[in-house]
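The values are calculated or read from the model by the stated rules, or taken from the named source; none is laboratory data. This structure is a prediction, so every number in the text was calculated from the model and none was measured. No Cβ is skipped: glycine too gets one built from the backbone with ideal geometry, and neighbour counts run over all protein chains shown. Accessible surface is based on the protein model in full, side chains and every heavy atom, while ligands, DNA and RNA are left aside. Shrake-Rupley method; radii C 1.70, N 1.55, O 1.52, S 1.80 Å.
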Amino acid sequence: MPSALRWILYPLLLIAGLAGIGIALVAIVLALAYPNLPSLEALTDYQPKIPLRVFSADGALIGEFGEERRAVVHIADVPDVMKQAILSAEDERFYQHGGIDTLGVLRAAYSNIIGGGKRQGASTITQQVARNFFLSAEKTYTRKLYEVLLSFKIEANLSKDQILELYLNQIFLGQRAYGFAAASQIYFGKPLKSLTAAEAAMLAGLPKAPSAYNPVINPKRARLRQQYVLRRMHELNYLDDAQYEAALKQPLVVKRDASEFSVHAEYVAEMARQMAVERFPQDAYTRGLRVYTTILKADQDAAWNAVRRNVFDYDRRHGYRGAESYVDMREVKSDQDELLDELLQDVSDADDLHPAIVLEASPKLVRAYRRGGEIVSIAGDGLKFAARMLDDKAPPNKSLKRGALIRVLQDDKGGWQIAQMPEVESALLSADPQTGAIRALVGGVDFNRSKFNHVTQAWRQPGSSFKPFIYSASLEKGFTPATIVDDAPLVFPASVTGSQAWEPKNYDGKYEGPMTLRTGLAKSKNMVSIRVLQAIGVQYAQDYITRFGFDADKHPPYLTMALGAGSVTPWQMVSGYAIFANGGYRVTPFIVSEIRDEKNHVLAQAQPTVAGNDDKRAIDARNAYVMDSLLRDVTIYGTAARASATLKRHDLAGKTGTTNEHVDSWFCGYQHTVVGCSWIGFDQPKNLGNNETGGTAALPAWINYMSRVLKNVPESFMSQPDGLVAVDTPGRGKGPAKEFFYKENVPAAPPTDAPTGDNSPAVD
């Protein structure tokens, strides 16, 4: 053999031999590794962790709990625009390759060589499925080999649509969202089927780096990634020129608060969560439990808006407190500096109260930066509330200047105004008095600020809103609405009280002399209530109030019980007033109607007690009827006259309540189809302010709520039960023309109201 030929042939043979050895080694590795690949049962029998979900009675999603927020969707229900966006961003040849995209690998390698470094990956959707289900994220050749082998195995056992469906449901997309259906709801508040091309492109850009391209945390980088995906969709002919241009121009409204749902019912959702976990502690967050509450979406919306409006009105009455805090602006180079978003990162929105950083401030104009790059300009009426913090005399630690953190609120006309986070707390609860089913529950002003549920956890003094239960007890002791009681000063020496002298007073400091029980309740006369309690006995009253669901030990047997000096929760007050509303029956309030599993099988169901069962009668039907009559007078000409005047109906009943030093303000009342209670006060008890009575501070929220839920409900009145006699009572002024008496207590002569002196409007 010529020497020249040997020099050519030997290297070729050597290369061929080495290649053969390499192939043999690869074959051996494959032969050893492939049988050890994990079973595909996790894919073929896909059992994702589905979170606990909480719904209103009419099907609105109000809460979701679990490490993974996920909504499993079938491939047939995924719109084409979403599939196209994903393929454009992640794997354009998905339906052509067999698990590994050779062309993609070569293209990525070329790009990396030309770019001088590792800049582009080439993982297919199948590889990502293999990695997400079976492998770690470590970057080693061994893991990559297993990833490739698993990809071939997956492609050999599952169809392309099955693989894509797994990817769609399993991939992590930020904000605890797993899968595109969950991400669509979390980022845009809508189902997949409603996504536009622009929104689909934004979501499709997330798998590459969910934190880096998160539109909530990094809106600018997310926008750049979205533009890239849209460009790829255009290049692959998924979008024509017009569609591409329209998608680029579409403004995206991204939900900033990942926990926000269509209904503000965070306190309800938390109560439901606790019940589900208590009942199913092992897998409550993973098996897809569905908890259905009793609340109604329209009622809950009405209650939430009523509380927020009332609290804001209260807050405005007491003035602007100034900047929440100040941020360091020394490194901020421009009004669109990305650092501004970082400075706002840990400051959460409070529904419609948006945090903003003041860029410049003067008495005539404030410019402020909102998260996401929006500059808001506030002038004119929008500055009135904060005007005193814009002049030269404002306190340096509260004045509005560059770097001040403030809250801004958009009005009905789209203009901006300066607002503030209220310090006061409030609660509102309503229920069906016939069954006890809760219709609406607002446990506080802002769940993100405080998880403390003021409806169930806040033990507060009820003040005069507790008087009806004392009056009800008095009816059982022979009192009637026409019984005359003296509204005159009282003094109890230390020898009687056992501690120190007590000189109670009427709220307004006025005393009107003898008056009927009816007038005493309508005008909320403390002296009348004390004398009534003194007459029937505090021990009797303490025992009697337990019929309404109150704890005897929370109401010590002293005369101060007549003024509501004990402790109650709004939950208890609604339970108690429901008895007056339904004719005397004790119903148990409940908020969860049923719990279902992932296959919609009922696992637990409420068994409510319906009013009308004599075994659950709390008070005599005659007592309930008379109390209803007395409490309706409170809303017609008494301390809550604003209720009937505003709502223009006469079937409302209830009672205001204000405690000493204006610490707590209440209104509890009902119409026969709904009973509700409104409370306002500070978590650390302090004075709400002069004139912040139950009728001023709490009643407006109740009226606002009732104005919506009673809009199309006709007036209705309780039927008069047997054993009551109506007697004409001429000359009774604002009271009814007839008075009601138990048959055994009918007076010999028609009663007339005693002189009451001052006829000024009642307060409390």
Practice task
For segment 670-745, run through the GluC sites (Glu not before Pro) and keep only the ones in DSSP coil with at most 14 other Cβ atoms within 10 Å of their Cβ.
Solution key: 715
Exercise for the section: Once you have all Cα-Cα distances for segment 295-425, histogram them in 5 Å bins from zero and send the whole-percent values. Expected result: 2, 10, 20, 23, 19, 14, 7, 4, 2, 1
Practice task
Would you tell me the accessible area of residue 286, worked out with a 1.4 angstrom probe on the heavy atoms of the protein chains, in Å² to the nearest 10?
Solution key: 60 Å²
Fill in the blank from the handout: The alpha-carbon center of segment 358-400 and that of segment 443-461 are separated, in whole Å, by 31 Å
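If DNA, RNA and ligands are ignored and the probe is 1.4 Å, what is the ranking of 649, 367 by accessible area, most exposed first?
Values: 649 20, 367 50 Å².
Descending accessible area places them as 367, 649.
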Exercise for the section: Can you send over the solvent-accessible area of residue 546, 1.4 Å probe, protein chains only, in Å² to the nearest 10? Expected result: 50 Å²
Problem - Area of residue 452 that stays accessible when all protein chains are in place (1.4 Å probe, Å², to 10) - result: 80 Å²
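What FRET efficiency comes out for residue 252 versus residue 364 if R0 is 25 angstrom and r is the Cβ-Cβ distance? Round to the nearest 0.05.
On the way: r = 33 Å, r/R0 = 1.34.
My answer for the efficiency is 0.15.
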Problem - Angle in degrees between helix 141-157 and the longest Cα principal axis of the chain, rounded to the nearest 10 - result: 80 degrees
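Quote to one decimal, in nm, the extra length available between residue 423 and residue 715 on full extension: 0.36 nm per residue of separation minus the C-alpha distance between them.
Values: separation 292, 0.36 × 292 = 105.12 nm, distance 3.75 nm.
Gain on stretching residue 423 to residue 715: 101.4 nm.
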Handout entry: Identified option (computed P(r) over Cα pairs in 20 Å bins from 0, in percent; candidates [x] 14, 41, 35, 9, 1; [y] 14, 35, 28, 15, 6, 1, 0, 0; [z] 12, 24, 19, 14, 12, 11, 6, 1, 0)
Key = [y]
Completion exercise
With the dipole of segment 295-425 defined by +1 on each Lys or Arg Cβ and -1 on each Asp or Glu Cβ, the option from 421, 389, 327 whose Cα lies farthest towards the positive pole is 389
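For n ≥ 4 DSSP H runs only, could you compute -39500 (n - 2.57) per run for the chain, divide by its residues and tell me the 222 nm figure to the nearest 500? Intermediate results must be reported in sequence, preceding the final value.
On the way: 23 runs with 266 residues, N = 764.
It comes out at -10500 deg cm²/dmol, rounded to the nearest 500.
If I take R0 = 25 Å and measure r between the Cβ atoms of residue 348 and residue 551 in this structure, what FRET efficiency does the formula 1/(1 + (r/R0)^6) give, to the nearest 0.05? Please list the in-between numbers first.
On the way: r = 37 Å, r/R0 = 1.46.
Approximately 0.10, to the nearest 0.05.
At 1.4 Å probe size, with every protein chain present, just tell me what the per residue accessible area of segment 589-674 comes to in Å². Write out the running numbers ahead of the final one.
Values: 3230 Å² over 86 residues.
Dividing the accessible area of segment 589-674 by its residue count gives 38 Å².
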Handout entry: Efficiency of FRET from Cβ geometry, residue 412 and residue 488, R₀ 45 Å, rounded to 0.05
Key = 0.30
Practice task
Could you pull out which residues in segment 593-616 have an amide N less than 19 Å from a spot 7 Å beyond the Cα of residue 278, following the Cα-Cβ vector?
Solution key: 593-596, 603-609
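When only the heavy atoms of the protein chains count and the probe is 1.4 Å, how do 678, 716 rank by accessible area, highest first? Walk me through the numbers on the way to the answer.
Numbers: 678 0, 716 40 Å².
Final ranking, largest accessible area leading: 716, 678.
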Practice task
Arrange the residues 321, 371 by how much accessible surface each exposes, largest first, with a 1.4 angstrom probe.
Solution key: 321, 371
Handout entry: Two-decimal Rg/Rh across segment 320-373, once Rg and the Kirkwood Rh are taken from alpha-carbon atoms
Key = 0.94
Exercise for the section: Treating the angle as unsigned and between 0 and 90°, give the value, to the nearest 10°, between the Cα long axis of helix 699-709 and the longest Cα principal axis of the chain. Expected result: 60 degrees
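Which loop-located GluC sites (Glu not before Pro) does segment 275-359 contain, where loop means any DSSP state but H, G, I, E or B and the Cβ has at most 10 other Cβ atoms within 10 Å? All intermediate terms of the calculation are to be shown ahead of the outcome.
Working: sites: 278, 324, 331, 338, 342; in loops: 324, 331.
Within segment 275-359, the qualifying GluC sites (Glu not before Pro) (loop, at most 10 other Cβ atoms within 10 Å) are 331.
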